[in-house]
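Contents: one structure, followed by commentary.
The values are calculated or read from the model by the stated rules, or taken from the named source; none is laboratory data. Every value quoted in this text rests on a predicted model; they were computed, and no experiment measured them. Here Cβ is always computed from backbone atoms with ideal geometry, including for glycine, and neighbour counts include all displayed protein chains. These accessible areas exclude ligands, DNA and RNA; they are computed on the full protein's heavy atoms, side chains included. Shrake-Rupley method; radii C 1.70, N 1.55, O 1.52, S 1.80 Å.
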Amino acid sequence: DDGDDGDLGVALQTRTRTKRPPMYKVMLLNDDYTPMEFVVHILERFFGMTHAESFEIMLTVHKKGLAVVGVFSHEIAETKVTQVMDFARRHQHPLQCTMEKE
Ligand code: TYC
């Protein structure tokens, strides 16, 4: 035995897995009392939608019970939910906005 263990001295590189951050769906829920125009205004103001886009999404929520209005990082999604809930409360509308991991 000459003591040579066959190690060529080549460093093996481990693969670095780059993980995308989790994304969160922000959803608007239907109710019987919040005025349609108020919901349209919320979508324009906080989600940067055009009036036509906002009207379409509002109608989807009205007909289906809820709709995803955007997908964001955790921090941005939380901010949107807070903005919508605060604005609805200030105007005394029962509108509900929630977030859910994708
Ligand atoms: N259903 C409400 C009405 O008839 C309108 C509405 C739409 C309320 C969407 C909430 O997220 C909502 N006035």
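What FRET efficiency would be calculated for the residue pair residue 89, residue 56, taking the C-beta separation as r and a Förster radius of 35 Å, to the nearest 0.05? Present the calculation step by step, with values, prior to reporting the outcome.
Numbers: r = 25 Å, r/R0 = 0.72.
Efficiency at R0 = 35 Å is approximately 0.85.
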What do you get for chymotrypsin sites (Phe, Trp or Tyr not before Pro) in segment 32-62 restricted to DSSP loop and a cutoff of at most 13 other Cβ within 10 Å of the site's Cβ? 33
So how many Lys-Lys pairs in the chain land under 23 Å Cα to Cα, not counting same-chain pairs under 8 apart? 9
Fully extended contour minus Cα-Cα distance, from residue 74 to residue 17, at 0.36 nm per residue: 18.4 nm
Using the alpha-carbon atoms, what tilt in degrees (0 to 90, nearest 10) does helix 74-90 show relative to the longest principal axis of the chain? 10
Using only Cα atoms, tell me the angle between helix 51-64 and the longest principal axis of the chain; keep it within 0 to 90° and round to the nearest 10. 90
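Can you give me the % of accessible surface on the chain that is carbon or sulfur? Probe 1.4 Å, all protein chains present, nothing else counted.
On the way: 3970 of 7780 Å².
Within the chain, the accessible surface is 51 percent carbon and sulfur.
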Would you compute, for the Cα atoms of the chain, the largest minus smallest coordinate along each principal axis and list the three values in descending order, in whole Å? 88, 24, 21
If 73, 54 are ordered by their accessible area, calculated over protein heavy atoms with a 1.4 Å probe, which sequence runs from highest to lowest? 73, 54
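Please list 71, 40 from largest to smallest accessible area, probe radius 1.4 Å, with all protein chains kept in place.
Details: 71 60, 40 5 Å².
The most accessible residue leads, giving 71, 40.
Determine the calculated [θ] at 222 nm for the chain from helices alone, applying -39500 (n - 2.57) to every DSSP H run no shorter than 4 residues and normalising by the residue count; nearest 500 deg cm²/dmol.
On the way: 3 runs with 43 residues, N = 102.
So the calculated ellipticity at 222 nm is -13500 deg cm²/dmol.
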